[in-house]
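Take a look at the structure set out below.
Throughout, read-outs are computed from the coordinates displayed, never taken from laboratory work. None of the values given here were measured: they were computed from a predicted structure. Neighbour counts run over all protein chains shown; Cβ positions are idealised from the backbone, glycine included.
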Amino acid sequence: MTHTKIGELNGRWGILFKITQVLVPIAAVTLLPWCVWVTSTLYARELRITKLELFASVGPRFTGENAEALRVKIMSDVEMRLTGGNQRILDRLDIMVVALTELKLELTRHISSTEKKSP
């Protein structure tokens with residue numbers, strides 16, 4: 001039995017064994033955190049998807065049809081208010097026209113009564 005060192009066993013296989021001894025700890029230090037990161041990212045993504053699916057399945061949602069119905073209701077309310085406001089303005093204008101006509105009539109009476117007295 002000969003006493004040879006591990007590095008000298010089988011020639012180049014000994015060198016590859018030394019390289020492997022150096023690379024395995026480096027790979028473990030880099031690959032282990034990466035595997036943990038990938039696993040936690042996938043779990044977080046799955047958790048987010050589960051929460052979104054749970055949120056989507058609970059209660060009624062505000063849909064496009066609801067938005068259109070709300071828009072139509074708001075527009076009709078605005079139109080009713082505008083129509084009501086316009087009608088009030090027109091009523092007040094009619095009152096002002098009547099008052100102006102009465103004022104003209106009174107002014108005409110006044111002028112005609114003062115002309116008769118002043119000759």
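Tabulated values for the structure
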quantity: Bins of 10 Å, starting at 0 and running to the largest distance - Cα pair percent for the chain; calculated: 9, 11, 10, 10, 9, 8, 8, 7, 6, 6, 5, 4, 3, 2, 1, 0, 0
quantity: Residue-averaged [θ]222 nm for the chain, counting only DSSP H segments that reach four residues, each worth -39500 (n - 2.57); calculated: -31000 deg cm²/dmol
quantity: Size of the stretch 11-68 as Cα extents on the principal axes (Å, biggest first); calculated: 81, 17, 13
quantity: Helix 12-56 axis, angle to the chain major axis (alpha carbon atoms, nearest 10°); calculated: 30 degrees
quantity: Ratio of the Cα radius of gyration of the stretch 75-119 to 2.2 N^0.38 Å, where N counts its residues; calculated: 2.08
quantity: Helix 64-117 vs. the chain, principal-axis angle (Cα, 0 to 90°, nearest 10); calculated: 20 degrees
quantity: Residue-count net charge about I111 - beta-carbon cut-off 12 Å; Lys, Arg +1, Asp, Glu -1; calculated: +2
